[in-house]
Amino acid sequence: MAALRDIKNKIEATKKTSQITKAMNMVSASKLRKVEKKYRSFQPIKAQVKAILESILQSNPDFTHPLLKTREIKKTGYILVTSDRGLAGPYNANIMKYFNQIVSERHSSKSEFIVATIGFKGFSYCKRNGIPLLNAESINSRDEIQFIDFQAMSKAFIELYLQEQVDRIIIIYSHYVNTMSSTTAEETLLPVTDLIEGKESLSIQYLFEPSAEQVASQLLPIYIENTLYGIILDAKTSEHSMRMTAMKSATDNAHEVIQKQTLTYNRARQASITKELTDIIGGANAVK
């Protein structure tokens, strides 16, 4: 009877767990739709800022800016975009694994790079492993993330780049492909090279006031922040997608466990009944 009670308790506990994971799956699906819509609607804003900057570079081929200049790589800055919470499948583990791989391939010591993290998981990982950090506290990766959340960090990195304390800034994140697939990706945030590569293909001309150079100097930091914000939205979409998939898998696994335990319970119960019947029949025969 004790064994039957243990099996029944395990079935009830698994049912409660499946209810929780099912609810989390539904919440993640709702958040995924919301953040994906936000990510898609942000792309035209980023594209417009990029078009203006490319027009400036096209009409002013001699224009130079420190944020556009490439130089010898002595020290690299990394931005890791992770989540604040777990239960998102391999979301955070994939980012850490990718980061460790490129560090082992490109650097011989920790003095050659510095890391800024978005999300508590990345911050705690770097703290535990003694990785040099730019931010002293965790920058939360909340669902309703805003520019202000990471603006101080992006400005600090831009300042380090302008002072030539870092020579390249790379952001590592999980890129959203679809609801069933995400890939870990890296993108160079500084120096800005995608504007230089595309400047020859534009034909739109703008009139600038006070001057194209001043407008470009103001827009470049905004473009960098827009790029970072778009990447964070992309990563947040991937996070909700992977959490939704993980919770669905957990729910399916819970149902499978419940089925197996129910079958075990029924067999044990049937064996117990059969044993009792055998004892009763044996006792009756003994009386006769």
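The values are calculated or read from the model by the stated rules, or taken from the named source; none is laboratory data. These figures come from a predicted structure and were not determined experimentally. Ideal geometry is used to build each Cβ from the backbone, glycine not excepted, and the neighbour counts take in all protein chains shown.
Only one of Ala235, Ala216 is at pLDDT below 80 and over 30 Å from Asn9 (Cβ atoms). Can you tell me which? It would help to see each step written out before you state the result.
On the way: Ala235 fails: at pLDDT below 80.
Answer to the check: Ala216.
Each residue in the stretch 39-84 was checked for being surrounded by 14 or more Cβ atoms within 10 Å (Cβ to Cβ), among the charged types (D, E, K, R) and closer than 15 Å to Ala235 by Cα, and 1 pass. Name the single residue, out of those in the stretch 227-237 being in contact with a Phe, Trp or Tyr (Cβ under 8 Å, 6 or more places away or on another chain) and not charged (D, E, K, R), that is surrounded by the fewest Cβ atoms within 10 Å (Cβ to Cβ). My answer is Gly230.
Quick check: is even one residue across the stretch 238-256 touching a Phe, Trp or Tyr at 6+ places or on another chain (Cβ under 7 Å) and more than 30 Å from Asn178 (Cβ to Cβ)? No, because not a single residue in the stretch 238-256 is touching a Phe, Trp or Tyr at 6+ places or on another chain (Cβ under 7 Å) and more than 30 Å from Asn178 (Cβ to Cβ).
Restricting the stretch 140-192 to residues that are farther than 24 Å from Pro90 by Cα and among the small types (Gly, Ala, Ser), the residue that is surrounded by the most Cβ atoms within 10 Å (Cβ to Cβ) is Ser154. Residue count for the stretch 244-256 satisfying the condition of being of a type in the set (Val, Ile, Thr) and either in contact with a Cys (Cβ under 9 Å, 6 or more places away or on another chain) or surrounded by fewer than 17 Cβ atoms within 10 Å (Cβ to Cβ) (or both): 0.
Out of curiosity, is Arg71 outside any helix (DSSP H, G or I), touching an Asp or Glu at 6+ places or on another chain (Cβ under 7 Å) and not aromatic (Phe, Trp, Tyr)? Yes; evaluated as a whole, the condition is true for this residue. Scanning the stretch 53-98 for residues that are acidic (Asp, Glu) and at pLDDT 85 or above yields a total of 2.
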